[in-house]
Amino acid sequence: MLLKVERILDRFSDVIGWISAVLMLVMLVNVFYDAILRYFFRTGSIAMQELEWHIFSIVFLFGISYALKEEGHVRVDVLYDGFSPKVKAIVNIAGTVFFLIPLAYLIISGSIWFVHESYSMGEISGDPGGLTHTYLIKAVIPLSFIFLIISALGFVVRNIRIYRGLEPFPQQKIEDNIL
């Protein structure tokens with residue numbers, strides 16, 4: 001049962017990671033196009049430049065969920081490295097349940113009014129020629145933290161399975177040890 005739940009939640013995180021990767025390619029094309037226009041044709045677009053920032057924001061915010069699933073998140077390893085896999089699993093579960101999920105919930109509940117306010121006032125870019133519908137990019141904030149909570153649930157399920165001995169603890173990659 002736990003394995004099925006973990007696979008479903010991990011698949012969700014993989015889809016979010018795939019979306020981030022595709023958006024990174026879209027951003028690359030956008031930056032390339034904008035640079036060509038600016039340096040070869042002496043023209044440019046404020047909207048294209050703003051789109052670069054917006055896509056980067058989405059890549060970063062969605063990528064957090066995937067980084068958690070892949071254990072690519074930042075962690076203070078001074079004590080953690082010396083722990084047994086069971087103790088590491090307990091630390092991961094406790095940190096996720098007591099810190100990550102409540103913080104994500106606070107960000108969600110604190111940013112919804114931000115999106116609503118932007119939508120209700122019809123906010124647009126302050127720059128002439130900038131993007132309209134600013135609430136769409138602002139909506140990515142609560143959405144990405146909803147995704148993070150879903151990914152965190154998968155992380156908790158994986159660590160429960162590790163604690164119960166049903167799954168081996170993921171080994172640190174060799175390149176992580178290189179300075």
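Every number here is computed from the coordinates shown, using simple stated rules; none is lab data. Since we're looking at a predicted model, the values are computed, not measured. Here the Cβ is made from the backbone with ideal geometry for all residues, glycine too, and neighbour counts use every protein chain on show.
The rows are residues; the columns are (1) of a type in the set (Ser, Thr, Tyr); (2) in contact (Cβ under 8 Å) with a residue 40 or more places away in the chain; (3) assigned to a loop (DSSP other than H, G, I, E, B); (4) surrounded by 12 or more Cβ atoms within 10 Å (Cβ to Cβ).
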position	(1), (2), (3), (4)
Ile112	no, no, no, yes
Val115	no, no, no, yes
Asp127	no, yes, yes, no
Leu131	no, yes, yes, yes
Lys138	no, no, no, yes
Ser151	yes, yes, no, yes
Val157	no, yes, no, yes
Ile160	no, yes, no, yes
Pro170	no, yes, yes, yes
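Quick one: which helices (runs of 4 or more DSSP H) sit completely within region 1-104 and have at least 1 residues that are surrounded by 13 or more Cβ atoms within 10 Å (Cβ to Cβ) and under 13 Å from the mean Cα position of the chain (by Cα)? Let's see the steps before the verdict.
Working: elements: 2-40, 46-69, 77-80, 85-95.
It comes to 2-40, 46-69.
Among the residues that make up region 59-72, is at least one of them out of contact with any Lys or Arg (no Cβ under 6 Å at 6 or more places or on another chain), free of Cβ contacts under 8 Å to residues at least 12 places away in the same chain and of a type in the set (Asp, Glu)? Step through it out loud before you land on a result.
Step one: list which residues in region 59-72 are out of contact with any Lys or Arg (no Cβ under 6 Å at 6 or more places or on another chain), which gives 59-72.
This time we only want the ones that are free of Cβ contacts under 8 Å to residues at least 12 places away in the same chain, so: 60, 67, 72.
This time we only want the ones that are of a type in the set (Asp, Glu), so: none.
Looking for residues that are out of contact with any Lys or Arg (no Cβ under 6 Å at 6 or more places or on another chain), free of Cβ contacts under 8 Å to residues at least 12 places away in the same chain and of a type in the set (Asp, Glu), one finds none in region 59-72, hence no.
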